[in-house]
1. Out of all the residues in the stretch 107-132, which are at pLDDT 90 or above and surrounded by fewer than 17 Cβ atoms within 10 Å (Cβ to Cβ)?
2. Suppose we keep only residues that are modelled with pLDDT of 95 or more and aromatic (Phe, Trp, Tyr) within the stretch 2-44. Which one would you say is surrounded by the most Cβ atoms within 10 Å (Cβ to Cβ)?
3. Would you pick out the residues in the stretch 1-48 that are of a type in the set (Lys, Arg) and under 18 Å from GLY88 (Cα atoms)?
4. If you check every pair at least six apart or on different chains, which have Cβ atoms under 6 Å apart with a residue in the stretch 77-91 that is under 14 Å from ALA28 (Cβ atoms) first and a residue that is assigned to a helix (DSSP H, G or I) and among the aliphatic types (A, V, I, L, M) second?
5. Answer yes or no: is there a residue in the stretch 64-84 that is within 21 Å of the chain's Cα centre (by Cα) and modelled with pLDDT under 95.
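The values are calculated or read from the model by the stated rules, or taken from the named source; none is laboratory data. On a predicted model such as this, the values are computed, not experimentally measured, just so you know. So basically every Cβ, Gly included, is an ideal-geometry build from the backbone, and we count neighbours across all protein chains shown.
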Amino acid sequence: MFKRILLSTDGSELSLHGVKLGIELAGACGASVFVLHVIEPFHSISYVAEMISATQAVYLEGAVERAERYLAEARDMAAKAGVPCDSGHIVGDPPSEWIVQEAQRRQCDLIVMASHGRRGFNRLLLGSETQRVLQTSSVPVLVCH
């Protein structure tokens, strides 16, 4: 049925639940997975360039470390399930745009993601990024909650 599934994670418990379900589906279908974490760029307004660059560097370093932890956890889950897994992170905004682009670039035939991430206030019925992926993806999207 599916050959390559993109699993999106923001590191939250709910997104990791989506990763787990995506890995189980991939195992049942004999598919491989690509796990993606999109790091949102540092946003700041200041007129002191040194202040922004130092803060941005610290933010990015921490964000990449967190991304690698999230991706390592997903790779471990896939390895335990015997599912072939690649992973990566991208710095980009909005995350939904990069999820859709990466699914197309990697020729995925399904995207699996959680219904709510960390967007608290901005989410309505579905997480705002999930809603945008649903609206823009030409690849089918399985939403987990």
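1. GLN107, ASP109
2. Selected residue: PHE34.
3. ARG4, LYS20
4. Cβ pairs passing all conditions: ALA78/ILE23; ALA81/ILE23; VAL83/ILE23; VAL83/ALA26.
5. no
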